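The values are calculated or read from the model by the stated rules, or taken from the named source; none is laboratory data. Here the structure is a predicted model, which is why all the values come from computation and not from measurement. Positions of Cβ are generated from backbone atoms using ideal geometry, with glycine treated the same way; all protein chains shown enter the neighbour counts.
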2 protein chains.
Amino acid sequence: MLVCRTISEIRGFVRQARARSQTIGFVPTMGYFHEGHLTLMREAKKACDVVVVSIFVNPLQFGPQEDFNEYPRDFERDKRLAAEVGVDALFTPPVEEMYPAGFSTHVEVAGLTQCLCGLSRPGHFRGVTTVVAKLFNIVLPDRAYFGQKDAQQALVIKRMVRDLNMPLEIVTVPTVREPDGLAMSSRNVYLGPREREAARVLYRSLKLAERAVAGGEMDVARLLEIVRQEIASEPLAQIDYAEIRSLPDLEPLARLQGPGLLALAVRIGKTRLIDNTILNPGNSGGAGDAFNYV
Amino acid sequence: MLVCRTISEIRGFVRQARARSQTIGFVPTMGYFHEGHLTLMREAKKACDVVVVSIFVNPLQFGPQEDFNEYPRDFERDKRLAAEVGVDALFTPPVEEMYPAGFSTHVEVAGLTQCLCGLSRPGHFRGVTTVVAKLFNIVLPDRAYFGQKDAQQALVIKRMVRDLNMPLEIVTVPTVREPDGLAMSSRNVYLGPREREAARVLYRSLKLAERAVAGGEMDVARLLEIVRQEIASEPLAQIDYAEIRSLPDLEPLARLQGPGLLALAVRIGKTRLIDNTILNPGNSGGAGDAFNYV
């Protein structure tokens, strides 16, 4: 597995792969790999000749009060795990390589970014779309892989790719969960034992909403009441947002008519966790739908 | 010469050229070709195996009070001229092809765009960088060609390409002029006979400044005074801006120490014309310098 820190090195690697007519799969990450990341890499490996993974904790997508400095990092472990999955190249640029002096260009998706995490984290998605546009231009992948856990991010990136005619396909992969349902996240490491227990409330509340929809409840206010009550039952949990919005435009909904995204951001102590599910009144709501809509 | 209106057609053409390992030169235009456009195409033809030209009057870069609807168009003449120069493919998308319903992504360069035409035409450069990013992703050129007449545009696009790691080279080509010095522009067609005569004042004032620099004048305020006096001598002319700024960052200058950009925007009647020259105290200020700095 090639490990490189400069844009020119990874470009050289990609150029050689292209010259051999190999397809390139790309998984952009912030590192500190868990099963969710590894699943993205395995999916890329299945569908593409060559897999490139980037590890870059992107300062542009963190707010001034957020956890950029504390964000967990373990490069040696990440390297070992990526090699085990069969990743071909790991791109780990330092911040100066990505944002040289005088850097002043941004890519921004309007609309979709003005709700959910876009409200709680101003500038976050602008940071995400800017770095992802850069990484796409550096790696020139045929396919790039994103997790459904960051559903809004996946929708925003799909919109950017469509609007700017970027020549690649975005593949969204279902959320990978711990045995008790907690969505895998690098931030789960922040949770103390009592908090880890409390964090189960996110998944429980998503499941309650799914069950209510299966039972015929289509009223968004009533569905959200079920979710909020469940979360309120957990003293360590505080809701940042709990909303049901349309797919793929994330518009407010009063009633479920087609598939809707139930998205949560909940603080457990100081740790902000997100999770989501697609509520699909017409259908069992399995992973196939996630691929279609997110 | 292939003429196509859809993204999928021009992509098919480009894919075939790439499969033959041909290099691709690209000239994005708004059509109504003059010798300036044709020079860009000839330069592309010299350096690249295949030349693609786009004609797209981009609504996103016109302000609400500007001349989007009046902007001159003559597709049949453009087609003939491009074919004569040896252009291989002409891409002429309708507006809906470039901006489908729900379009909501923009590319924006800060700093460089907050002066000169960026102040006179709010949103103009955001429209330019957005459409150029799209066209680059569609055509995937090795080199793209821009005229020095739109010096700020060329600097902004170079910055975008550098900041977003777009995999191509930007080539800037010196301004092509009428025999009396007026810079070629599609908008020159708006000028009545008296206005056409008055429009010569832009070039005359640039030349006066160049001569003053050759004579040792380095003080920016005094150089601009020379320019403004000359323009004021022409009753039909009204200055929008006349400034000398640093290259490539377009920062204000008090004294010329290295090369500086003298940039003008002048209204002749209702027609707004721009022109510029590079004032280079160390040197004769020929075309070679334009290539280096703009």
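Going by the conditions given, is residue A:74 within 29 Å of residue A:19 (Cβ to Cβ), more than 10 Å from every other protein chain (Cβ to nearest Cβ), surrounded by fewer than 20 Cβ atoms within 10 Å (Cβ to Cβ) and not polar (S, T, N, Q)? No, not satisfied.
Taken over segment A:158-172, the criterion of being surrounded by fewer than 21 Cβ atoms within 10 Å (Cβ to Cβ) and under 15 Å from residue A:125 (Cα atoms) is satisfied by A:158 alone. Note on segment B:147-170: residues that are of a type outside the set (Gly, Ala, Ser) and either in a helix (DSSP H, G or I) or farther than 23 Å from residue A:167 by Cα (or both) total 14. If you check B:89, B:47 for being more than 14 Å from chain A (Cβ to nearest Cβ), on the phi < 0 side of the Ramachandran plot and either surrounded by 20 or more Cβ atoms within 10 Å (Cβ to Cβ) or modelled with pLDDT under 95 (or both), only one passes: B:89.
Please state which of the following conditions residue A:137 fails to meet, knowing it meets all the rest: (1) in contact (Cβ under 8 Å) with a residue 24 or more places away in the chain; (2) in contact with a Leu (Cβ under 6 Å, 6 or more places away or on another chain). Here residue A:137 meets the rest and fails (1).
The test for being farther than 25 Å from residue A:162 by Cα, surrounded by 17 or more Cβ atoms within 10 Å (Cβ to Cβ) and not assigned by TED's automatic domain parsing to the domain that holds residue A:271 holds for residue A:33. Summed over segment A:140-158, the residues that are within 12 Å of chain B (Cβ to nearest Cβ) and either touching a helix residue (DSSP H, G or I) at 6+ places or on another chain (Cβ under 9 Å) or of a type in the set (Gly, Ala, Ser) (or both) give a count of 4.
A search for C-beta distances below 7 Å between a residue of segment B:261-276 that is of a type in the set (Asp, Glu) and any residue that is in a strand (DSSP E or B), counting only pairs 6+ apart in sequence or on different chains, returns B:275/B:183; B:275/B:264.
A quick yes/no check of all residues on (1) in contact with a Lys or Arg (Cβ under 9 Å, 6 or more places away or on another chain); (2) β-branched (Val, Ile, Thr); (3) within 14 Å of another protein chain (Cβ to nearest Cβ); (4) free of Cβ contacts under 8 Å to residues at least 12 places away in the same chain:
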{"residue": "B:165", "(1), (2), (3), (4)": "yes, no, yes, yes"}
{"residue": "B:169", "(1), (2), (3), (4)": "yes, no, yes, no"}
{"residue": "B:172", "(1), (2), (3), (4)": "yes, yes, no, no"}
{"residue": "B:176", "(1), (2), (3), (4)": "yes, yes, no, no"}
{"residue": "B:179", "(1), (2), (3), (4)": "no, no, no, yes"}
{"residue": "B:182", "(1), (2), (3), (4)": "yes, no, no, no"}
{"residue": "B:188", "(1), (2), (3), (4)": "yes, no, no, no"}
{"residue": "B:194", "(1), (2), (3), (4)": "no, no, no, no"}
{"residue": "B:200", "(1), (2), (3), (4)": "no, no, no, no"}
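Of the residues making up segment B:101-139, those that are out of contact with any strand residue (DSSP E or B) (no Cβ under 7 Å at 6 or more places or on another chain) and within 8 Å of chain A (Cβ to nearest Cβ) number 8. The set of residues from segment A:205-221 being under 27 Å from residue A:185 (Cα atoms) and buried (at least 17 other Cβ atoms within 10 Å of the Cβ) comprises A:205, A:206, A:209, A:210, A:212, A:213.
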